[in-house]
Amino acid sequence: MLKIQKGYIRISMIKEMDNFEINEVMDIWLETNIVAHGFMPKQYWLDNYDTVKKHYMPIAKTFIYKEDAVVKAFISIIDNAFIGALFVAKDYQGQGIGLKLIDYCKSLYSSLELAVYTENINAVNFYKYCGFVITSEQLNEDSGYKEYLMAWSKKEP
């Protein structure tokens, strides 16, 4: 998409992540997790960084939002319907980028599911705004914190 802004053209796109973009994506993952989950120890995210990068990211289909050659956000889908991650870099939050990534995935999949920590109220409210509904609550076995399972599906015409 091209946008003319203050005399120059901004080029933004959503595309599948290329391998060379993994470090930018992981920087967003780490920084945003630490800020969004202030109720959890920072060390949890530091300890899981390599596992996510080496084991989770290779099995996920990750789409990035890139503008002017800068990765500003990403969404990762596993098993063709589960949102394993959606993060917008701190400096670009509140600009509708997360919604664009959700809408993009809604155009590709007929249903989507995700898990979100119950204490991450901003994320819970965002997903509700995007049409997701809470289907259950459970304890995340890895972290020990409660999370909601949420789901969205296309409405039949």
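Values as computed for the structure displayed
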item	result
Qualifying residue in the range 77-90 (condition: polar (S, T, N, Q), at pLDDT below 95 and closer than 22 Å to Asn122 by Cβ)	no
Extreme residue, nearest to Leu99 (Cα to Cα), among residues of the range 1-37 that are in a loop (DSSP other than H, G, I, E, B) and either among the basic types (Lys, Arg) or modelled with pLDDT of 75 or more (or both)	Met17
Condition met for Leu101 (at pLDDT 95 or above, within 20 Å of Ile77 (Cβ to Cβ) and in contact with a Cys (Cβ under 8 Å, 6 or more places away or on another chain))	no
Among (1) at pLDDT 95 or above; (2) surrounded by 13 or more Cβ atoms within 10 Å (Cβ to Cβ); (3) out of contact with any Asp or Glu (no Cβ under 9 Å at 6 or more places or on another chain) - the single one Ser143 does not satisfy	(1)
Boolean, Ala123 is aliphatic (A, V, I, L, M), in contact (Cβ under 8 Å) with a residue 60 or more places away in the chain and closer than 19 Å to Val25 by Cβ	yes
Residue match in the range 71-93 (condition: in a helix (DSSP H, G or I), more than 24 Å from Ser12 (Cα to Cα), in contact (Cβ under 8 Å) with a residue 40 or more places away in the chain and not hydroxyl-bearing (Ser, Thr, Tyr))	no
Selection status of Asn122, part of a loop (DSSP other than H, G, I, E, B) and either exposed (fewer than 14 other Cβ atoms within 10 Å of the Cβ) or of a type in the set (Phe, Trp, Tyr) (or both)	no
Residue under evaluation Asp50, criteria (1) modelled with pLDDT under 95; (2) over 16 Å from the mean Cα position of the chain (by Cα), criterion not met	(1)
Residue selected from the range 143-157 under the condition outside any strand (DSSP E or B) and closer than 13 Å to His37 by Cβ, by the criterion farthest from the chain's Cα centre (by Cα)	Gly144
Selection from the range 38-70 of residues that are on the phi < 0 side of the Ramachandran plot and part of a loop (DSSP other than H, G, I, E, B)	Gly38, Phe39, Met40, Pro41, Ala60
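The values are calculated or read from the model by the stated rules, or taken from the named source; none is laboratory data. Computed from a predicted structure; not experimentally measured. Please note: Cβ atoms are built from the backbone with ideal geometry, for glycine as well, and neighbour counts cover all protein chains shown.
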